[in-house]
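This report concerns only the one structure given below.
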Amino acid sequence: MRVARAGGKQEEGKENESVFCEPAPSALGTAGPPLLPAKPLPYTAPLDPQSREIILVGTARGAVATVSVTMFGHTATAAVHPLPATGGRQVGAYAVWLPRSGAERDGMNLSDITAVVGRDAEGNVVARLG
């Protein structure tokens with residue numbers, strides 16, 4: 001996955017700056033039971049320093065229909081969108097907006113995410129990180 005700077009004022013020497021994202025978690029490479037392989041990651045390009053929220057993007061495996069993410073005492077829930085996969089795998093991605101805080105570059109740290117809960121279509125908890 002790759003994100004390129006779009007719009008906004010560019011800094012000298014950073015005209016072609018891009019942000020490269022982490023590779024997909026290896027657990028998504030095999031079919032299996034519902035799983036949240038990792039906490040969602042912040043996507044901050046382009047990052048508006050005035051923005052009070054940050055978008056976090058994560059993945060799921062199996063019959064996970066929604067994911068709720070809690071950070072800084074706020075919870076946001078998103079639908080999991082299926083992604084094309086081969087070999088009988090069922091994988092998907094989700095994105096949530098949550099408030100930023102803190103002095104870190106992204107206004108958050110992965111340890112600030114205190115809960116990630118996956119639910120199936122009936123609302124049953126099928127996967128959890130915390």
Subject >> Unmet criterion (only one of (1) open to solvent by 50 Å² or more (accessible area, probe 1.4 Å); (2) in contact with a His (Cβ under 7 Å, 6 or more places away or on another chain)) for A93 >> reply: (1)
Original post:
If only one of P99, P84, P42 is within 18 Å of P25 (Cβ to Cβ), at pLDDT below 95 and touching an Asp or Glu at 6+ places or on another chain (Cβ under 9 Å), which one is it?
Top reply: P42
Original post:
What number of residues within the stretch 102-125 satisfy the criterion of being of a type in the set (D, E, K, R), over 29 Å from A31 (Cβ atoms) and surrounded by 14 or more Cβ atoms within 10 Å (Cβ to Cβ)?
Top reply: 2
Original post:
Of the residues G92, G107, which is on the phi > 0 side of the Ramachandran plot and touching a residue at least 24 places away in the same chain (Cβ under 8 Å)?
Top reply: G107
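If you go through the stretch 56-69, how many residues are more than 13 Å from D120 (Cα to Cα) and open to solvent by 30 Å² or more (accessible area, probe 1.4 Å)? Give the derivation first.
First, pick out the residues of the stretch 56-69 that are more than 13 Å from D120 (Cα to Cα): 56-59, 69.
Checking which are open to solvent by 30 Å² or more (accessible area, probe 1.4 Å) leaves us with 57, 59.
The number of residues fulfilling the criteria is 2.
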Subject >> Boolean, G123 is in a loop (DSSP other than H, G, I, E, B) and modelled with pLDDT under 95 >> reply: no
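The values are calculated or read from the model by the stated rules, or taken from the named source; none is laboratory data. Remember, it's a predicted structure, so these values are computed and weren't measured experimentally. Here the Cβ is made from the backbone with ideal geometry for all residues, glycine too, and neighbour counts use every protein chain on show. Surface accessibility is based on the protein's heavy atoms, side chains included, excluding ligands, DNA and RNA. Shrake-Rupley method; radii C 1.70, N 1.55, O 1.52, S 1.80 Å.
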